[in-house]
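Asks: Sharing a structure, written as structure tokens. Questions coming.
The values are calculated or read from the model by the stated rules, or taken from the named source; none is laboratory data. Because the structure is predicted, anything quoted here is derived from the model rather than measured. So basically every Cβ, Gly included, is an ideal-geometry build from the backbone, and we count neighbours across all protein chains shown. When the accessible area is computed, the model is the full protein with side chains, heavy atoms only, and any ligands, DNA or RNA have been set aside. Shrake-Rupley method; radii C 1.70, N 1.55, O 1.52, S 1.80 Å.
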Amino acid sequence: LCKLRDELTPGVELPITALSLVTNLNAPRQPHGFDEARRALVQAVDLAMSRLDEMRSHEGAALLELFDAHLARLDAVLEELLVITAKAPRNLQRWLRERLVRLVAECGAQPDNGRLETELALLADRADVTEETSRLRCHIDQFRSVAHGNGAVGRQLDFLLQEMMREANTLGAKSHDSTQSHLSVDLKSEIERMREQIQNVE
């Protein structure tokens, strides 16, 4: 500025305010090699993100394989349960009839056969788990479909597991057979293992 003043208007004082009119006077100089450093940083970040995606993809594939194994075991337990529960209402009705007839005979009372059959039918109907097993089958199939899909599915899978556990609990509560009770426990144990793993799914 001083040199320019001396050339244009020699002897004129240069006010300090004139410095503020000069653009980029105080702009910091870019350090040597800034562009190279920036390119290296971008490459490092891109590589890290790529490795992260690969790791997540690998972990996702491993979790999917694990879920498929759990679902296969649920399928097997449910098939066993269906065989047993198909006979459960009839078996329960027969067992209750025999017991009630014996109790009535011991008391020396005369049973009302019509009322007896009605009550037995109601009790047998409450032991029917067709709806529960159907819903559980539907939840298992839906879980498998969602797990093999794309996107963030963690919350949806967690919700399905909650519904599966609800049905498994009802199956256990309606059990009138030790084998059915054990199979219901097996279902709940398998579902609980899946719920532990679902925390690793987005």
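Asks: Would you say ARG144 is at pLDDT 90 or above, in a helix (DSSP H, G or I), out of contact with any Gly (no Cβ under 9 Å at 6 or more places or on another chain) and basic (Lys, Arg)? If you could, list the steps in order and put the result at the bottom.
Replies: Numbers: at pLDDT 90 or above: yes; in a helix (DSSP H, G or I): yes; out of contact with any Gly (no Cβ under 9 Å at 6 or more places or on another chain): yes; basic (Lys, Arg): yes.
Answer is yes for this residue.
Asks: Could you tell me which numbered condition GLU192 fails, if it satisfies all but one of (1) within 30 Å of GLY60 (Cβ to Cβ); (2) among the charged types (D, E, K, R); (3) part of a loop (DSSP other than H, G, I, E, B)?
Replies: Answer for GLU192: the failing condition is (3).
Asks: When you go through (1) open to solvent by less than 80 Å² (accessible area, probe 1.4 Å); (2) in a helix (DSSP H, G or I) one by one for GLY149, which number turns out not to apply?
Replies: (2)
Asks: Any chance segment 93-108 includes a residue that's more than 47 Å from the chain's Cα centre (by Cα), open to solvent by less than 60 Å² (accessible area, probe 1.4 Å) and modelled with pLDDT of 70 or more? Break it down stepwise before answering.
Replies: We begin by selecting, within segment 93-108, every residue more than 47 Å from the chain's Cα centre (by Cα); these are 101-108.
With the extra rule that they be open to solvent by less than 60 Å² (accessible area, probe 1.4 Å), the set shrinks to 104.
Within this subset, residues satisfying the condition of being modelled with pLDDT of 70 or more are 104.
Among the residues of segment 93-108, at least one is more than 47 Å from the chain's Cα centre (by Cα), open to solvent by less than 60 Å² (accessible area, probe 1.4 Å) and modelled with pLDDT of 70 or more, which makes the answer yes.
Asks: Right, next: Can you tell me which residue within segment 171-185, out of those that are out of contact with any Leu (no Cβ under 9 Å at 6 or more places or on another chain) and at pLDDT 90 or above, is most open to solvent (accessible area, probe 1.4 Å)?
Replies: HIS182
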